Amino acid sequence: MGEAKRRKKNDPDFGKPKGASVLERKLDLLQKQMELRLQEIRASYQHKGNMGSNVEEVIREFLREFLPPHNRIGQGEVVDFDGNSSTQLDLVITNEYHPYLNDLTKPSVFFIEGIACVGEVKSVLNSNDFDSILRNCLNYKQLKVNLQDGMRTFINPSDLKRFVEKRPYFLFAFESQLSLSTLLEKTKRFNADNNLDFWQQLDGIFILNRGQIINFGDGQGTFQFADHKGNTIPGLISIDIEHDPKVLFGFLSWLNSAMPRIEIQFPILMSYLMKGQIPINAGR
């Protein structure tokens, strides 16, 4: 075998591509560093607003490192063609078509067609926070995306409704006062009470000290969850840290599957400046 040594079958990285193993180990290390960073922020700041701002910036720095350059990371409100707006969002990830309006060092206004994904960040999630996030997500999912004629997408039909006609929304928290099972039940109850279809629902919940809850929609999307028989399972799936502690790895995996590539003919800002003059179709 020369200098190359085969990895043993009891090696946790056995059977994985080398690049995937390196990435997984790096994300494990970053997850531990994030947990330590939270403790450092707590020790440095007493004001809740300062603490929250610093925690949000930790996640923005992480995303800047792992997402392509055209996915700019900011914060602020998202508006649609009809003038509707989201609530203030901690994380706004643009796609390559969003105009370069400013350096994103302060809250901005974004156009929904130029959005790849949005999210909320909490240092410690409590029940009131989560109730607000569910409502804010529904408000965001009501924004209408104008789909230009001739637009091309590189995604399957299941994900088209969730991630192109609508844009994904996630929650990321360092800690939670609520158990993962409680968060799952509250999410299911909210979806049922409001009679929400899968493209109107919260798409992902990622909590470093609890685990992750991922919404797999109808189960036919690019990112799937299968049982031991290989059958795909739709809807909300909860994975606690005892079964899989790699929350950051799960978050990045989901995020990359939830931001499909699209191609459009016209700059998105043109449709806002010349309303009614460019052929468009309002998304659901």
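The values are calculated or read from the model by the stated rules, or taken from the named source; none is laboratory data. Nothing here was measured: the structure is a model prediction, and the numbers come from that model. Heads up, the Cβs are rebuilt from the backbone with ideal geometry, glycines too, and the neighbour counts pull from every protein chain shown. For accessibility, only protein heavy atoms count, side chains too; no ligands or nucleic acids. Shrake-Rupley method; radii C 1.70, N 1.55, O 1.52, S 1.80 Å.
Results for (1) closer than 18 Å to Gln200 by Cβ; (2) of a type in the set (Ser, Thr, Tyr), shown as yes or no for each residue.
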position: Ile115; (1), (2): yes, no
position: Gly119; (1), (2): yes, no
position: Val124; (1), (2): no, no
position: Ser127; (1), (2): no, yes
position: Phe130; (1), (2): yes, no
position: Leu143; (1), (2): yes, no
position: Thr153; (1), (2): no, yes
position: Ser158; (1), (2): yes, yes
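For Gly230, all conditions in the list (1) of a type outside the set (A, V, I, L, M); (2) touching a strand residue (DSSP E or B) at 6+ places or on another chain (Cβ under 7 Å); (3) surrounded by fewer than 16 Cβ atoms within 10 Å (Cβ to Cβ) hold save one; what is the number of the exception?
Going through the list (1) of a type outside the set (A, V, I, L, M); (2) touching a strand residue (DSSP E or B) at 6+ places or on another chain (Cβ under 7 Å); (3) surrounded by fewer than 16 Cβ atoms within 10 Å (Cβ to Cβ), Gly230 breaks only (2).
Which residues, counting only those in the range 130-175, are open to solvent by 30 Å² or more (accessible area, probe 1.4 Å) and of a type in the set (S, T, N, Q)?
Ser132, Asn136, Asn139, Gln142, Thr153, Asn156, listed by residue number.
Restricting to the range 131-158, give me the number of residues that are in a loop (DSSP other than H, G, I, E, B) and modelled with pLDDT of 95 or more.
4
Do we find that Gln201 is open to solvent by 10 Å² or more (accessible area, probe 1.4 Å) and over 19 Å from Pro260 (Cβ atoms) in this structure?
When the stated conditions are applied, Gln201 does not pass them.
If you take the residues of the range 226-245 that are polar (S, T, N, Q) and part of a strand (DSSP E or B), which of them is nearest to Gln200 (Cα to Cα)?
Of the residues in the range 226-245, the ones polar (S, T, N, Q) are 231-232, 238.
From what is left, the residues that are part of a strand (DSSP E or B) are 232, 238.
On the way: Thr232: 21, Ser238: 19 Å.
It comes out as Ser238.
When you look at Leu184, is it in contact with a Ser or Thr (Cβ under 8 Å, 6 or more places away or on another chain) and in a loop (DSSP other than H, G, I, E, B), yes or no?
So Leu184 does not fit the description; no.
In a helix (DSSP H, G or I), of a type in the set (Phe, Trp, Tyr), modelled with pLDDT of 95 or more and under 22 Å from Glu175 (Cβ atoms): is that true of Phe190 in this structure?
Answer is yes for this residue.
May I ask you to verify whether Gln212 is out of contact with any Cys (no Cβ under 8 Å at 6 or more places or on another chain), modelled with pLDDT under 95 and within 26 Å of Asp28 (Cα to Cα)?
Considered against the rule, which asks whether it is out of contact with any Cys (no Cβ under 8 Å at 6 or more places or on another chain), modelled with pLDDT under 95 and within 26 Å of Asp28 (Cα to Cα), Gln212 comes out as no.
Yes/no per residue for (1) without any contact (Cβ under 8 Å) to a residue 12 or more places away in the chain; (2) more than 30 Å from Lys32 (Cβ to Cβ); (3) among the polar types (S, T, N, Q):
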residue	(1), (2), (3)
Phe62	no, no, no
Pro69	yes, no, no
Asn84	no, yes, yes
Val92	no, no, no
Asn95	no, yes, yes
Phe110	no, yes, no
Glu120	no, no, no
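Restrict the check to the range 247-261 and report whether at least one residue is more than 16 Å from the chain's Cα centre (by Cα) and either under 18 Å from Pro168 (Cα atoms) or not aromatic (Phe, Trp, Tyr) (or both).
no
Which members of the range 159-181 meet the condition of being in a helix (DSSP H, G or I) and in contact (Cβ under 8 Å) with a residue 24 or more places away in the chain?
As a first pass, look at the range 159-181 and keep what is in a helix (DSSP H, G or I): 159-163, 180-181.
Of everything in the range 159-181, those that are in a helix (DSSP H, G or I) and in contact (Cβ under 8 Å) with a residue 24 or more places away in the chain turn out to be Asp159, Lys161, Arg162, Phe163, Leu180, Ser181.
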